[in-house]
1. Quick one: Ala96 ticks every box in (1) under 22 Å from the mean Cα position of the chain (by Cα); (2) surrounded by 12 or more Cβ atoms within 10 Å (Cβ to Cβ) except a single one, so which number is it?
2. If the Cβ limit is 7 Å and pairs must be 6+ apart or interchain, which residue in region 109-125 that is in the same structural domain as Val155 (by TED's automatic domain parsing) pairs with which residue that is buried (at least 16 other Cβ atoms within 10 Å of the Cβ) and β-branched (Val, Ile, Thr)?
3. Scan region 127-174 for residues that are of a type in the set (Gly, Ala, Ser), part of a strand (DSSP E or B) and under 20 Å from the mean Cα position of the chain (by Cα) and jot them down.
4. What is the number of the single condition among (1) assigned to a helix (DSSP H, G or I); (2) crowded, with 20+ Cβ neighbours inside 10 Å that His255 does not meet?
5. May I ask you to list the residues in region 69-81 that are buried (at least 20 other Cβ atoms within 10 Å of the Cβ) and either modelled with pLDDT under 60 or in a helix (DSSP H, G or I) (or both)?
6. Can you name the number of the only condition in (1) modelled with pLDDT under 90; (2) surrounded by fewer than 23 Cβ atoms within 10 Å (Cβ to Cβ); (3) not in a helix (DSSP H, G or I) that Asp214 fails?
7. Provide a single number: the residues in region 71-102 that are touching a strand residue (DSSP E or B) at 6+ places or on another chain (Cβ under 7 Å) and of a type in the set (Gly, Ala, Ser).
8. Look through Asp234, Asp274, Asp279 and report the one residue that is under 23 Å from the mean Cα position of the chain (by Cα), surrounded by fewer than 16 Cβ atoms within 10 Å (Cβ to Cβ) and not assigned by TED's automatic domain parsing to the domain that holds Arg44.
Amino acid sequence: MKTFSIALVLACALCTSVLAAPLGTNTRTVLPAQIQQIISVDYRALRNSSSGVALKNRVLPENLKAFETSLRGMGVNPDTDVEQLTFVAYRTAKGAVRNFGVANGQFEPKKVVARLKKKEKSEKYHDSDLWSTGGAFVMTFLDDNTILFGETNSVKDGLDVRNGDQLGISSMPDMQEMIVEAESGPVWSVLDQQGTQNMLRSALGAASALADYDTIKKRLLGSRYTLDLQHGVDFGLNVQTSDSFTAGTLSALMHAGILYKRAAGTVDEKSAMDSMQVDSDGGRLTVKFKADDSKFQALLKSDLFQAVSH
C-alpha cells in the first residue's frame, strides 16, 4: 500500500499556481470529444511559489518535460513567455491515447515563425501552417496568443475538431460541466470515467486489488481536482460516483490506507496523513490535503514521495 493516498496529491501535482486558470476560447475549439484528462496550469504564479518550483522540479512528467522542450525549440521560454499551459490526453476512435498541448501567453508570432522557417518549410493543414519544432513535435498558432503543439497526428486531430471534421467537447455535456466546476480553481484537472479509474487504482496501490474496488470501479463516473500553493499546499479532489454506497466504500478504503501509513510510514509520511481528510457526501468522494510549505517540502524528500513520483 506504499502508493496510497499521497499519490492523490501527486497525481495532480504536475505544476502549481495561485490564480484561476479557465480555458481560453481557442483552446476549447480543439478539444476532442473523447477526453481522458485535461490539466491546466497557470505558469504566471508558478514562479512565485517555492513549493511549486520544488514540486515541479521533482515530479514534472516526461510528457510535460517534452512539451516544455518543444516550446523552447520554438524560441518560447516557458518560464517567462507562457501564462497558461493546458495538457490534453484523449482517445482516438480505435482506442489509442494521444496527447497535445496548448500554450497561452505573450508570444511574438512573426519572430517564432521566422526562427522556424530557418529549419524547414511548413505543412499546410486546413487553414493552418504546421511547423516542426524539432524531434517529433509540430506546432501551429491558433491566434497570436495561443499555440497548439504535439505530435503531428495529435495536432491534426485538434485542428479537425476545430474544423468540424471530428466531434468536440461540446458534444459531451457531462465533461463540459466538470470543466466549468473545476476551471475556476488555480491549477485544475478533469478526468473521464476511465481516467478516474486509472488514477484511483494508482492512488490506492495495493488496496485497489481488493474485491471491493473491482466491484465499485465501474460506478466511478469522473473526477476533478484543484491545487493551490498560495499558502502552503491546498489540494482538493472530487470523485463523482453513481451512488452513495460507492462513494462510502471508496472512503472506507482510503481511510484504511491512511491508518496503515500512520502506523508504518516515515515521520514525514505520518505527518502528511494527519493533513489529509477523506469523506463522502451523497455520490461524491472528497479528499482534501492542506500543509504548510515546510511540511510539504519535507515530504518531497521522503521515500514514499520518490516511490510514487517516478
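The values are calculated or read from the model by the stated rules, or taken from the named source; none is laboratory data. Here the structure is a predicted model, which is why all the values come from computation and not from measurement. For neighbour counting, all protein chains shown are included, and Cβ atoms are generated from backbone atoms with ideal geometry for every residue, glycine included.
1. Condition (2) is where Ala96 drops out.
2. From region 109-125, the pairs are Val112/Val76.
3. Correct list: Gly150, Gly168.
4. (2)
5. Within region 69-81, Ser70, Leu71 meet the criteria.
6. (3)
7. Of the residues in region 71-102, 3 are touching a strand residue (DSSP E or B) at 6+ places or on another chain (Cβ under 7 Å) and of a type in the set (Gly, Ala, Ser).
8. Sole residue among the options that is under 23 Å from the mean Cα position of the chain (by Cα), surrounded by fewer than 16 Cβ atoms within 10 Å (Cβ to Cβ) and not assigned by TED's automatic domain parsing to the domain that holds Arg44: Asp279.
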